[in-house]
Structures are given as structure tokens and as C-alpha cells.
There are 2 protein chains.
Amino acid sequence: MRALRRQGRISRSEISNITGWSKAKASQEIRSLIEKGYLVEIGEGVSQGGRKPRLLRINNQLGYIAGIDIGATSLDVALADVTGSILQRCSEPTDVKLPPQSVFGRCSELLLDLIRTQGGTPDQLLGIGVGVPGPVDFARGVLVAPPLMPEWENFPIRDFFKKTFHSAFVVVDNDVNIMALGEQRAGDGAGIDHFIFVKIGTGIGAGIISNGRIHRGSDGSAGDIGHICVDKEGPLCACGNKGCLEAMAAGPAIASKALEAARNGSSATLREMRESNGGTLRPEDVNAACREGDQAALDIIRDSGQMIGDVLASLVNFFNPSHIFVGGGITNFGNHLLVAIRRAVLHRSLPLATTHLSIKFSRVGSNVGVMGAISLALDYLFAIEDNLHLMV
Amino acid sequence: MRALRRQGRISRSEISNITGWSKAKASQEIRSLIEKGYLVEIGEGVSQGGRKPRLLRINNQLGYIAGIDIGATSLDVALADVTGSILQRCSEPTDVKLPPQSVFGRCSELLLDLIRTQGGTPDQLLGIGVGVPGPVDFARGVLVAPPLMPEWENFPIRDFFKKTFHSAFVVVDNDVNIMALGEQRAGDGAGIDHFIFVKIGTGIGAGIISNGRIHRGSDGSAGDIGHICVDKEGPLCACGNKGCLEAMAAGPAIASKALEAARNGSSATLREMRESNGGTLRPEDVNAACREGDQAALDIIRDSGQMIGDVLASLVNFFNPSHIFVGGGITNFGNHLLVAIRRAVLHRSLPLATTHLSIKFSRVGSNVGVMGAISLALDYLFAIEDNLHLMV
DNA sequence: GAACTTCGTTCAGATTGTAAACGAAGTTCT
DNA sequence: AGAACTTCGTTTACAATCTGAACGAAGTTC
């Protein structure tokens, strides 16, 4: 019922049209919601040839919603109101090798800071959405067999946050699922029933939207495409198999290929960079070299793109999405990567599955994670509010 | 509302519990449905310590539902009542190279025969579910760019059947989707949220169930895994690409590999078979040779299984299903194929995605297609009945 | 066979939703 | 400027709907 209200964020008695209710009931219901403080009036709208409508909106003073996105190397925390507008956000580097207590503890601190800066108190926090880099048992809100951080397995994320924020519920999901959700709610994914959000960074993962809903799979590990095998004789991956996509095309692989190119002399640019960096190279350096027109760097990026595209081609045949959004740390690598991915997908997939397929970078940028986390929390919030209303 | 009734096929005033209605309303509603002829009483049940309940059931005299499953080489037609029980079925070989008029015309004839044999008339047919071997625009009920039978594109299947069966609605879907639905409703797929039904026959295709619903993809071509590339230098496929799974591991590929083995002398058994068959070999022959312990035949089957398993391994990582059901013409090939598939999948997928994964043959057998078609038609029937009820 | 269950219906009363009428506020055309 | 017409939102009387409690029917258990 008020889920509808969330959609039309500003509108008046069109509600009676949208819901199919009579004007009488709509009016009465709205009055009750205003009395309860859920809705507020917000000025008047433009006339449609008669009396001006009195617009309303969800009361954004109801409380706060937090979105937390924990990546392999960075950590984002944002505070939003119940309409999903971000009030403030912050970001800092982290390391998943650290014990969960310290990482989540830091999240709590940052969140408390944000709330204080906004002039609120911790008990005004209604809900927290958390994205973590690994398979999540969604119902329990717990990581299951995370390859990157075995220590985190079964860490009670929900209870941990509840200790500090008593009044808030906690929803935990995989970080890529949450990015896909963010793209759906705050990006170009709006209204698209079937799409894939591909995150390329330290690892490679995919968030899947099927029939408009997140597909998590039976163990919460759906979308784990980083460990699809692309070369049976390829390098050893952290997961124990050989030639995983992640081990061959993600950020670290790009960096190590660049190091090799710097060593064997196939790229003077990369060699210079390595020296000025103190013997190491980061994925960003390869991108920079690429911009300068370095052929070896370009080849490295293209190779990555082709491998990723080859895998995506299979998935396109299988899943037939209408859109693929590419995001993550590698996103600012310009178009070379994307072009290579596109070419590989178009070359290898069935024409029917690709004629309407669009492959592009996510435009939501670095906010996509926290936006998704907030959306997830809001979904949960409005679901229980609906239930409460049904019970009362 | 009566969708619930369809679930509990025999039950009485538990309906008031299931629906949450008061006993009064449930009773009244049931009376109305009985008067309209939708429900019938069917004896008494066992006492629970008090008065015996009077069991009811959906009236199976309401009309007929037809399920039609058109494969690449065979055609199945079945007649069922509105509870989904098959009354009678028939099957005959066909060829998708024939024009659609003649294939669908033959379906109509068979269906008329079945109805007559059951002592009914064509206007008692309420709905028809049709499965066709190719991508389907589900909303329009029309084939889109089918690789095997370009002539069938845009053929108005719905209108064609409506000409003969005026009172029936027609729902068209891809044949593998329909098999997946059949597995869900009449097989081991009951209650499973995420699974893949893999059909291996003349072609290779997959039906996908995500969050308990068929995932059709944005163009209706989801599940078309037959044209995933497994070998960039492989043989040319009918689709124009090289090294498609279908071209390397499906029935025809198995047969042609067997012919080669018969020619080059690596298998005496296959050579004998070829001679007694008049120079050709069918996939079934390879199976027979396999049973006799022929090593070359066994290798052929194992190779196919491995290639299929390699592809499935990627899809398991991506989709994380809890079950994979294997069906289609190759199903009766015994366990060699399945063992090879299983080994490849377990070897290549992430442990988390495979620990709870079950890969087995579909037990529904040859009925799975028509059962799915019937289920699809029933879903549609009960959906519109629900709507009608809401409107009245 | 008395006491207690479960099943299903009947009926009065409360709850809920609706349509129509009406007042308020605004626009357009003369 | 004002008459006529719109749209917006509320009030009110009325109709449909649902529920709870009471009750008869049918059975089980001790």
C-alpha cells in the first residue's frame, strides 16, 4: 500500500487512481498516515485546469537509513533518509585480511560520526544495508565460505551492528548483488527486467537481476563468475583451480602482466613507470600508459577485455539479458576495455541474444554500492511497514 | 484465491486456515464455486477426532486442457483435465523442416482425435499449451529467429489453433522452458527455487527456473546454451559459428564421431553396426556399443559429457542452482554421460556452488514436455479465472 | 452414554469501501 | 470581470463485506 507511495514520490490524489481506491478511502488513508507521521504535505503543484493538487511526500524526518559497502580494498558508508536520498557519505581504504571485528567496528564508528554530523542520535537509525565481498546466506545474514577472507565466515554481522544500533534492522547481501540493486534503483537499470552488473576490480563478480528481482542462487553464491575457467593451463588462482577468469583478467593480473612487460622490455613506458613507482605497478598505471598510447599496455587491457567478453558471451547465451553494466575499480579505464568486451560478446553470442543487448559502464559510479545497500534496507523497511499495516 | 484450491487438491475447511478467512466466508465462497460448477464434493475424509470433513476437488468435468510438445524430430500431444491429470496422449515422429502449417495441422488432427476418443467435443477444450523448439516471444506467442526452422518465424501459432478450437486460449513457449516447468510441477523439481533443466538431443538447450519462475530472458532466448563456444577451432555449426557445444556434443555429433571411429577402425563393434544399419549410425547405436563395452563408443560419450559438463560448470558458478536435471533424447544413455558431466562440473566449479548441487536425470521421462505444456496452460487458466473472479 | 472434538452453517452486528453530493480553488472564455 | 467549467479533496449516507459467536451435526474417547 505505501509501497506505491514510495514510487510516486511526489503526488497527491493520483494515489486514488494508482491504487484503484475511491477518493474517499484514499483521503482517509492519507490522513491516517499523516497523523502517524509517515507522510507530510509539501506545497502545492501545478493546476491541471482546476484546483491545485496538494503534493505529499514520505516524511524524511522519520529516521535514517545506512548503506555500507565493503569492498576488497575500500569501505563506503553513507547515511540517507527514508526516501533514499543520500545525506552524507564517506569512504576509506581497508583490507579484508583484517579481522571482521575491526572492519565492521570501523564501519560503526564512521556511521556514528555521520549521524552526529547530521545532528541525529544513533537510535534514529532505522535500518542498515550491508554489502560484503563474498557469498552471503541472505536469510541468516552471514558470509559463507568467502575465498578472500576465511576468517569472516559465520561472523554475526547482524548482531554486531545491533549491539550499537539497537533500533535498526540489518540486511546483509553480497556486494555485487547490492551494486546491481543500486543500478536498478538509482541508475540506468530502472525498469529493466533482466540484466547483469559486472564488477571488475580486485576480483570479478556479477550481480544478476532476473524478472526484476535479484537472483542469489541456492547458496547465495550466484554471480561468482570470477572463478569460471578460461584456460585449463592458466595460472593458479587463490581458489585452487587453474586459469580462473579472475586470475587472468582482473586488476592484479593486469598489474602483473604489466610488470612482465616492463621487465622484458616490450614497453618503455611501463618500465619508466615501474622505476618511478619503486619497482611495482598498479592497474591504474597500465591505464595511464594506455592513454599515452603504449601498445603493450593496450594489448594487456584488450586481452583482459577479450577474456571477460568470452565468458560474458556464454552467459549472454544462457541468460539473455537486455543490458550488461560494467562497474568497479576498473571502470575508469576508458573505453578500450569496454570495446574489447563488446567485440568478444558480439562475436561469440547468438545474434538474437545480442541485437537488443547493450553493454555499457555503470553511470552511478562509486555510489552504486551504497545506493544499493540503502535500497535493500528500504525494501526491507517498507516490507515490514506493509506487514505492520496489515496486522494492525 | 482459487489458485490455493489448486494446490491442496483435496481438502475442506482447511481452506479457511490456508486463506486466513473466517469459516463463514470460506463456506459461502465454496458454495458459490460449487454452484458455478468449479468445485465438486468427493466423499468424506478421515475424522480428526470429531466430525468427518467433506473433501472437495476441482471439477474435472469442466473441460479439457491440451499439451503439445514439438521437438526437432518428434511431436507429443496430450489431453488432460483441469486438475492436470493426463487422460490420454500420443506421439509421432515429425520433422521441423516441414512447413509449420503441416506440423501444427497434424497437431490439430491428433488433438481432435484425442478429444473424440474421450467422448468430448472440440468446444470443451479450454486451453492449449504449446512448446516449440526455438526462441519464443512469449507475449506474442510467436517464434523469433529459430535457427533450425527459419520458415516458422512469425507463424501465428495462436491464431492457427484458435481457428479450430474457438473456445480455447493458446499459450506458446520454448520447449525446454516447458520441460523445466514440467519438472517443477510433475517431477523432482517441486519446491526447488533455482534449477536448470538441460535437454540433450538433436540440440542442447536449457530451461531456467529462477526464484521459482521460468527465466525467459529479454528476447525469450535464455537457455540457448547449445551455441556456447567450447572450441574456437571446432567444427562449423548450423548457426554459423565454430565449435558450438551443440555441434560438438549433441546427438548428431556423437553419431558422426562414431561413424569416424567405424571408418578408421578404432572400433570393431561400431563398424559392424554401421554395416548392418546400411552405412549410417544413430546416437542410440553408440549407446548400444557402449553397453557392450566398446571403448571407442565409451570415449565418445565421455567426451560429450565432459564438454557439456565444462559449460555447465561455468553456468553453475554464475547461476548457483541447487539441481540440474538432464533430459531429452539422450537421457536413456545410461550413466556414462551423467558421470562424465558430474565429474567435469565438480572439477571446475567453486566448492560452495557444488556442495549442495545435485545433477541427475529427469525422472518424468518422455512426459515432461507435455506435462509442462499442460502446466503452463493451467497457470494461464487459473490466472484468468482469478481475474474474472476479481472483476465479477 | 456422557463429555469433548471437529466440521460446517446461520445470523446479527461491526467494519469497510463506495458513490454521490458538495465545497474549495482555479482556469478559460466571453 | 464574471459565468461556466475543471480539478481537488472532504463529507455523508448507504451498500457490500467480513467476522465472531452461537448452534446443529457428526464422531471419538473414556
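The values are calculated or read from the model by the stated rules, or taken from the named source; none is laboratory data. Because the structure is a prediction, the values reported are computed rather than measured. A quick note on method: Cβ atoms are made from the backbone with ideal geometry, for glycine too, and the neighbour counts reach across all protein chains shown. Each accessible area value is taken on the protein alone, full model and side chains, heavy atoms only, with ligands, DNA and RNA left out. Shrake-Rupley method; radii C 1.70, N 1.55, O 1.52, S 1.80 Å.
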field: The one condition in (1) open to solvent by 30 Å² or more (accessible area, probe 1.4 Å); (2) more than 14 Å from chain A (Cβ to nearest Cβ) that B:Ala238 fails to fulfil
entry: (2)
- prompt: With A:Ala206, A:Ala145, A:Ala139 as the choices, which residue is on the phi > 0 side of the Ramachandran plot, of a type in the set (Gly, Ala, Ser) and outside any helix (DSSP H, G or I)?
  reply: A:Ala145
task: Look through A:Ser218, A:Ser210 and report the one residue that is open to solvent by 20 Å² or more (accessible area, probe 1.4 Å) and within 7 Å of chain B (Cβ to nearest Cβ).
output: A:Ser218
- prompt: For the stretch A:297-322, which residues satisfy the criterion of being over 20 Å from A:Ala247 (Cβ atoms) and touching a helix residue (DSSP H, G or I) at 6+ places or on another chain (Cβ under 9 Å)?
  reply: A:Leu298, A:Val316, A:Asn317, A:Phe318, A:Phe319, A:Asn320, A:Pro321
message: I'd like the full set of residues that are surrounded by fewer than 16 Cβ atoms within 10 Å (Cβ to Cβ) and of a type in the set (A, V, I, L, M), limited to the stretch B:267-287.
response: B:Ala268
- request: Tally the residues that are within 13 Å of DNA strand C (Cβ to nearest atom) and out of contact with any Leu (no Cβ under 8 Å at 6 or more places or on another chain), restricting the search to the stretch A:10-35.
  value: 15
- request: List every residue pair whose Cβ atoms lie under 6 Å apart, where the two residues are 6 or more positions apart in sequence or sit on different chains, the first residue falls within the stretch A:216-238 and is farther than 15 Å from A:Gln306 by Cα, and the second residue, located anywhere, is open to solvent by 30 Å² or more (accessible area, probe 1.4 Å) and in a strand (DSSP E or B).
  value: A:Gly220/A:Asp137; A:Gly234/A:Lys242; A:Leu236/A:Lys242
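Being crowded, with 18+ Cβ neighbours inside 10 Å, within 24 Å of B:Cys107 (Cβ to Cβ) and free of Cβ contacts under 8 Å to residues at least 60 places away in the same chain narrows it down to one residue among B:Met149, B:Met179; which is it? Before the answer, list the steps.
Numbers: B:Met179 fails: free of Cβ contacts under 8 Å to residues at least 60 places away in the same chain.
From the options B:Met149, B:Met179, the qualifying one is B:Met149.
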- line: (1) over 21 Å from the mean Cα position of the chain (by Cα); (2) in a loop (DSSP other than H, G, I, E, B) all hold for B:Ala72 apart from (1)
field: Count of residues meeting criterion [over 14 Å from A:Ile300 (Cα atoms), open to solvent by 10 Å² or more (accessible area, probe 1.4 Å) and modelled with pLDDT of 90 or more] in the stretch A:241-266
entry: 1
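Give the stretch B:4-15 a look and list any residue that's in a helix (DSSP H, G or I) and either at pLDDT below 70 or buried (at least 16 other Cβ atoms within 10 Å of the Cβ) (or both), or say none.
Let us first name the residues in the stretch B:4-15 that are in a helix (DSSP H, G or I), namely B:4-7, B:14-15.
Within the stretch B:4-15, B:Arg5, B:Arg6, B:Gln7, B:Ile15 meet the criteria.
If only one of A:Gly293, A:Gly309 is more than 14 Å from chain B (Cβ to nearest Cβ) and out of contact with any strand residue (DSSP E or B) (no Cβ under 8 Å at 6 or more places or on another chain), which one is it? Show your work before the answer.
Numbers: A:Gly309 fails: more than 14 Å from chain B (Cβ to nearest Cβ).
After ruling out the rest, the residue left standing is A:Gly293.
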query: So A:Lys52 fits all but one of (1) among the basic types (Lys, Arg); (2) in a helix (DSSP H, G or I); (3) free of Cβ contacts under 8 Å to residues at least 12 places away in the same chain; what number is the exception?
result: (2)
- prompt: Can you name every residue in the stretch B:182-203 that is surrounded by 24 or more Cβ atoms within 10 Å (Cβ to Cβ), assigned to a helix (DSSP H, G or I) and among the small types (Gly, Ala, Ser)?
  reply: B:Gly182
query: (1) within 14 Å of chain A (Cβ to nearest Cβ); (2) over 28 Å from the mean Cα position of the chain (by Cα); (3) among the β-branched types (Val, Ile, Thr): which one isn't true of B:Ile324, the others all being true?
result: (2)
task: Look at the stretch A:51-82 and say how many of its residues are farther than 22 Å from A:Arg106 by Cα, open to solvent by 40 Å² or more (accessible area, probe 1.4 Å) and polar (S, T, N, Q).
output: 2
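Residues checked against (1) within 14 Å of chain B (Cβ to nearest Cβ); (2) under 23 Å from A:Leu181 (Cα atoms); (3) within 16 Å of DNA strand D (Cβ to nearest atom):
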{"position": "A:Val40", "(1), (2), (3)": "no, no, yes"}
{"position": "A:Gly45", "(1), (2), (3)": "no, no, yes"}
{"position": "A:Arg54", "(1), (2), (3)": "no, no, yes"}
{"position": "A:Gln61", "(1), (2), (3)": "no, no, no"}
{"position": "A:Ser74", "(1), (2), (3)": "no, yes, no"}
{"position": "A:Thr83", "(1), (2), (3)": "no, yes, no"}
{"position": "A:Gln101", "(1), (2), (3)": "no, no, no"}
{"position": "A:Ile115", "(1), (2), (3)": "no, no, no"}
{"position": "A:Pro122", "(1), (2), (3)": "no, no, no"}
task: Name the single residue, out of those in the stretch A:128-137 being away from chain B (no Cβ under 12 Å) and of a type in the set (A, V, I, L, M, F, W, C), that is surrounded by the most Cβ atoms within 10 Å (Cβ to Cβ).
output: A:Ile128
task: With respect to A:Lys97, determine if the residue is in the same structural domain as A:Val132 (by TED's automatic domain parsing) and either open to solvent by 50 Å² or more (accessible area, probe 1.4 Å) or within 15 Å of DNA strand D (Cβ to nearest atom) (or both).
output: yes
message: farther than 27 Å from B:Gln118 by Cα, hydroxyl-bearing (Ser, Thr, Tyr) and touching a Lys or Arg at 6+ places or on another chain (Cβ under 7 Å): is that true of B:Ser16 in this structure?
response: yes
- prompt: Scanning for something at pLDDT 95 or above, open to solvent by less than 20 Å² (accessible area, probe 1.4 Å) and under 23 Å from B:Ser74 (Cα atoms), does the stretch B:227-234 turn up at least one residue?
  reply: no
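Residue-wise test of (1) of a type outside the set (Phe, Trp, Tyr); (2) under 30 Å from A:Val198 (Cα atoms).
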{"position": "B:Gly293", "(1), (2)": "yes, no"}
{"position": "B:Phe319", "(1), (2)": "no, yes"}
{"position": "B:Val339", "(1), (2)": "yes, no"}
{"position": "B:Arg343", "(1), (2)": "yes, yes"}
{"position": "B:Arg348", "(1), (2)": "yes, yes"}
message: With the structure loaded, tell me whether A:Ile34 is of a type in the set (Val, Ile, Thr) and more than 8 Å from DNA strand D (Cβ to nearest atom) or whether it fails that test.
response: yes
- request: State yes or no: is A:Ala383 assigned by TED's automatic domain parsing to the domain that holds A:Val170 and in contact with a strand residue (DSSP E or B) (Cβ under 6 Å, 6 or more places away or on another chain)?
  value: no
